[in-house]
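The values are calculated or read from the model by the stated rules, or taken from the named source; none is laboratory data. None of these values were measured; they are calculated from a predicted model. Please note: Cβ atoms are built from the backbone with ideal geometry, for glycine as well, and neighbour counts cover all protein chains shown. For accessibility, only protein heavy atoms count, side chains too; no ligands or nucleic acids. Shrake-Rupley method; radii C 1.70, N 1.55, O 1.52, S 1.80 Å.
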Amino acid sequence: MTVPVWAADARTIAIDASARTTPRDRMAELSVGADFPGTLQREDSLAQLATVQKELRFRYIRFHNVFADQPGRVPRGERRARL
């Protein structure tokens, strides 16, 4: 007998619906996603963010590539601060 490929990878998941539950982090439900932080320096982006905040009442913004220095905030060369 030949077993279909999808059946070979099948697995069984058992759930105990009567088990005690644990608190769940709801941070993702209170968040909106954005590009990298430098984009929020533009007036049109800030206006859109204000509209979304007014309508959704989010608490957190998730950014991509938070360590990128797109707007040039980290000085290079002699201006570089010593940490």
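I want to confirm something. Restricting to segment 8-50 and keeping residues that are of a type outside the set (A, V, I, L, M, F, W, C) and open to solvent by less than 70 Å² (accessible area, probe 1.4 Å), which single residue is modelled with the highest pLDDT? Reasoning before the result, please.
Of segment 8-50, the ones of a type outside the set (A, V, I, L, M, F, W, C) are 9, 11-12, 16, 18, 20-26, 29, 31, 33, 35, 37-39, 41-45, 48.
If we keep only those that are open to solvent by less than 70 Å² (accessible area, probe 1.4 Å) too, we end up with 31, 33, 37-39, 45.
On the way: S31: 90, G33: 86, P37: 78, G38: 76, T39: 78, S45: 87.
Once the filter is applied, the top-ranked residue is S31.
Could you check segment 61-72 and list, in sequence order, the residues that are under 19 Å from M27 (Cβ atoms) and either at pLDDT 90 or above or open to solvent by less than 100 Å² (accessible area, probe 1.4 Å) (or both)? Please lay out each step first, then the result.
Start the filter on segment 61-72 by keeping residues that are under 19 Å from M27 (Cβ atoms), which leaves 61-64, 66.
The answer is I61, F63, V66.
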